[in-house]
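Take a look at the structure below.
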């Protein structure tokens, strides 16, 4: 009863391998997925045709499941595969659990679901490999003759939401009829991701950032914001701000710094004007200015939290500029917005507020 | 920035003219007006209200037999009203060929500024009052806001106050 996920997955694929015929290999070149025309879709791409024996399947897939399968699914999977008959619904959950977290990554690097352990240790394994290769060739020949229509591709459905661009992969109940060589499947989201990003007024912040980059967290009226250090022009202590008449209400004024004039933004009022009340205004005690790149703009903040190094994958990047092009995404761990400084500068230069249209 | 302006001035063959500015305080900010437009500075005197006058007009005063309209500068600049005190002054100015008075919190000094020391104000204003500022200058780490008196009122408003 205490089967591990590795063993469960192994059992599942063992069942699949033992069942004859109706084996299907899926690839982008061979057949389009149901959502292949969709820019947000996920295509399946064939990799090098490595096949494997049972023990290797166990090893390789198990390793993948260890990486990506969330713990809550483990119990369901265990129950499903402890029974002699394969619970197809559980299989669906299993595969979706394996694939979903990976394709959420905004960098959309090609994600390999399964990596074949190339170390073949004994001769019987080699024989099994040969058999599988033979079967695979037969199936491939059959597939070449038959026109595979989208409506008939019910073995593997790749569902991609146009809105949230979070592809979700689920296995159909007919999975038991086909061999899905998971090690040959690559979720190639990269191209789709690029094409799905609408043109922004500033380009993509992700392009200029390294995979790992540093951000500075700062507080404004209880709200934490992050700014990439590459976009940070400096930190200035607020001393005396000169109010200028006829400016937007979020424009606090001008502070001189090294004979230059820093335009001070009331960050709270700019970022969340809908929550800005006189009471809130009275409670805010701005201490520092977070300078934006080499511009004259400084965001007033109450305190500086810290600067940490984060990975790109730790940010839930916004894929559409939408109404807030200044917001590049959300840092998952701190649950705070990360600024697209270039966009912010352009908006401030144009005298636009947070909710003003950029068109 | 200053260097680039100097270079531009030299390139244009113009002298870096020194201008004098009368500075006054309004809501803790220092403003400057061209000394050539200032006729005199008065202590606060009784201002007679004018029925039906625009909101930005405080009233009129009698200046040696001449009626001078006094403008509510705070109101014009979009600032909150404040009580008149001992430091309040009425600055008599000439703009658009008219003589008017502007009520200010206090008058400070006359400063000398080279043209190269004057920068443009941040161009983010969309309000009417944004056009009053013709430039800013940094003096002793304080910002001096230079006011274009000719633009203090629109053409229609200048015409209107002549009818008072």
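The values are calculated or read from the model by the stated rules, or taken from the named source; none is laboratory data. Here the structure is a predicted model, which is why all the values come from computation and not from measurement. So basically every Cβ, Gly included, is an ideal-geometry build from the backbone, and we count neighbours across all protein chains shown.
Just a few scattered comments:
- Put simply, of A:339, A:352, A:327, A:344 the only residue that is surrounded by 15 or more Cβ atoms within 10 Å (Cβ to Cβ) and either in contact with a helix residue (DSSP H, G or I) (Cβ under 8 Å, 6 or more places away or on another chain) or on the phi > 0 side of the Ramachandran plot (or both) is A:339.
- Boolean, residue A:234 is on the phi > 0 side of the Ramachandran plot, at pLDDT 90 or above and more than 14 Å from chain B (Cβ to nearest Cβ): yes
- Residue within segment A:305-319 that is within 13 Å of residue A:270 (Cβ to Cβ), in a strand (DSSP E or B) and away from chain B (no Cβ under 14 Å) present: no
- Selection within segment A:248-260 - crowded, with 22+ Cβ neighbours inside 10 Å, at the interface with chain B (Cβ under 9 Å from one of its Cβ atoms) and either touching a helix residue (DSSP H, G or I) at 6+ places or on another chain (Cβ under 8 Å) or in contact (Cβ under 8 Å) with a residue 24 or more places away in the chain (or both): A:255
- All positions within segment B:106-138 that are in contact (Cβ under 8 Å) with a residue 40 or more places away in the chain and facing chain A (nearest Cβ under 7 Å): B:119, B:127, B:129, B:132
- Residues considered: B:83, B:109. Of these, the only one that is surrounded by fewer than 14 Cβ atoms within 10 Å (Cβ to Cβ) and under 18 Å from residue B:48 (Cα atoms) is B:83.
- For segment B:90-107, a residue qualifies if it is assigned to a strand (DSSP E or B) and out of contact with any strand residue (DSSP E or B) (no Cβ under 7 Å at 6 or more places or on another chain), and the qualifying residues are B:95, B:98.
- Sole exception among (1) more than 14 Å from every other protein chain (Cβ to nearest Cβ); (2) modelled with pLDDT of 95 or more for residue B:51, by number: (2)
- Within segment A:184-207, not a single residue is modelled with pLDDT of 75 or more, part of a loop (DSSP other than H, G, I, E, B) and within 28 Å of residue A:307 (Cβ to Cβ).
- Evaluating residue B:141 against the criteria (1) surrounded by fewer than 20 Cβ atoms within 10 Å (Cβ to Cβ); (2) away from every other protein chain (no Cβ under 14 Å); (3) modelled with pLDDT under 95 leaves one unmet condition, (2).
- Segment B:139-152: number of residues that are free of Cβ contacts under 8 Å to residues at least 40 places away in the same chain and either within 13 Å of the chain's Cα centre (by Cα) or closer than 21 Å to residue B:88 by Cβ (or both): 2
- Hey, residue A:271 surrounded by 15 or more Cβ atoms within 10 Å (Cβ to Cβ), in contact with a strand residue (DSSP E or B) (Cβ under 8 Å, 6 or more places away or on another chain), modelled with pLDDT of 90 or more and within 14 Å of chain B (Cβ to nearest Cβ) or not: no
- A single entry from B:146, B:103 fulfils the requirement of being more than 9 Å from every other protein chain (Cβ to nearest Cβ), over 16 Å from residue B:20 (Cα atoms) and surrounded by 19 or more Cβ atoms within 10 Å (Cβ to Cβ): B:103.
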